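Chemist: Sending over a structure as structure tokens; questions will come in a sec.
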Amino acid sequence: MKKDFLCLSDWSGEELEEILDFARKLKTKRKQGEDHPLLAGKTLAMIFEKSSTRTRISFEAGMYQLGGHALFLDPGTTQIGRGEPLKDTARVLSRYLDGIMIRTFAQKDVEELAKWSDIPIINGLTDRYHPCQLMADLLTVMERRTDFRSLTYCWIGDGNNMANSWINAAAAFGFELRVATPPGYEPDQEVVAHAGRRGAHVSYGHDPFQAARGAHVLNTDVWASMGQESEQQERQKAFAGFQINRELVREADPEWMLLHCLPAHRGEEVTDEILESKQSVVFDQAENRLHVQKAILSRLMA
């Protein structure tokens, strides 16, 4: 039976940790120059309705390193962009390919694709979730702290797809998460409720300094995500005071680390000083997209 990677809450903490452990092994093989053609002869379609740097390059390079092939599909040059129903696209592509990764706006479109396809579907990003990025984040923390489940994490900024994914991760792994957003920019309430039913240790508030107090992992994202550019000025006013800077990190654990999914708006959600500090791991985090996604691809398609 095929398995999809649409949302972290579809997987148990044990299953997710197995993927993370396998990602570490694949990373070691890559660093040692060891071939690992686990997907030789396999083909992945990559559907992009949102622009991308890290997602496209890491999936494409990952398929190549696994011995397979990736196809870039632009809705503007395929029938998807001319109104072909997703259920038709799913059934056609299922007969050509071994997997599909999609980066789009609506989570319901990813779920529709998964419903009608016979091959695994991977969520490369939606407005609601960003599960592949979250897995790379956790791998980055695990490489530095084997006790990653006992750490305190905080999310400071917009209650967006990354905040939702961190809430799902807290429910899966049992770690403490604190979410601080401006009023009116809270995470998705269905996600919050679902995590609560799973016993997640998540607190919600509007004070970033309180959220950061004693935290080991500080995490943020841009204040206006793709598709929200028209709200930029309004959001800058609402998010004033939610910047990760020298004053805020003084509240954190002395061995804090900074995560950011990139691209960053330096001087807005995080200062250049903090982003370039020795405790910032954002570029290791970006690299780990490659290794985590190779593990996900292998788990679903091998």
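Chemist: Which residues, counting only those in segment 287-302, are surrounded by fewer than 19 Cβ atoms within 10 Å (Cβ to Cβ) and under 21 Å from the mean Cα position of the chain (by Cα)?
Modeler: Those that are surrounded by fewer than 19 Cβ atoms within 10 Å (Cβ to Cβ) and under 21 Å from the mean Cα position of the chain (by Cα): Glu287, Arg299.
Residue by residue, here is whether (1) touching a residue at least 60 places away in the same chain (Cβ under 8 Å); (2) surrounded by 17 or more Cβ atoms within 10 Å (Cβ to Cβ); (3) in contact with a Cys (Cβ under 6 Å, 6 or more places away or on another chain); (4) not in a strand (DSSP E or B) holds:
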site	(1), (2), (3), (4)
Leu16	yes, yes, no, yes
Lys27	yes, yes, no, yes
Ala40	no, no, no, yes
Leu44	yes, yes, no, no
Ser51	yes, no, no, yes
Ser58	yes, yes, no, yes
Tyr64	no, no, no, yes
Ala70	no, yes, no, no
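Chemist: Is it the case, given these coordinates, that Phe239 is over 18 Å from Met135 (Cα atoms), in the same structural domain as Leu275 (by TED's automatic domain parsing) and modelled with pLDDT of 95 or more?
Modeler: yes
Chemist: Which one of Tyr96, Tyr153, Tyr129 is under 21 Å from Gln228 (Cα atoms), at pLDDT 95 or above and either surrounded by fewer than 21 Cβ atoms within 10 Å (Cβ to Cβ) or in contact with a Leu (Cβ under 8 Å, 6 or more places away or on another chain) (or both)?
Modeler: Selected residue: Tyr129, the only one of Tyr96, Tyr153, Tyr129 that is under 21 Å from Gln228 (Cα atoms), at pLDDT 95 or above and either surrounded by fewer than 21 Cβ atoms within 10 Å (Cβ to Cβ) or in contact with a Leu (Cβ under 8 Å, 6 or more places away or on another chain) (or both).
Chemist: Quick one: Asp35 ticks every box in (1) under 30 Å from Ala170 (Cβ atoms); (2) part of a loop (DSSP other than H, G, I, E, B) except a single one, so which number is it?
Modeler: Failing condition for Asp35: (1).
Chemist: Further question: Across segment 146-167, which residue is nearest to Glu14 (Cα to Cα) among those that are in a loop (DSSP other than H, G, I, E, B) and not hydroxyl-bearing (Ser, Thr, Tyr)?
Modeler: Checking each candidate, the answer is Asp147.
Chemist: Tell me, please, whether a residue that is in contact (Cβ under 8 Å) with a residue 60 or more places away in the chain and charged (D, E, K, R) can be found in segment 76-90.
Modeler: The answer is no, given that none of the residues of segment 76-90 is in contact (Cβ under 8 Å) with a residue 60 or more places away in the chain and charged (D, E, K, R).
Chemist: If you go through segment 104-145, how many residues are more than 11 Å from the chain's Cα centre (by Cα), polar (S, T, N, Q) and assigned to a helix (DSSP H, G or I)?
Modeler: Going through segment 104-145 one residue at a time, the tally reaches 2.
The values are calculated or read from the model by the stated rules, or taken from the named source; none is laboratory data. This one's a predicted model, so the numbers in the text were calculated from it and none came from an experiment. No Cβ is skipped: glycine too gets one built from the backbone with ideal geometry, and neighbour counts run over all protein chains shown.
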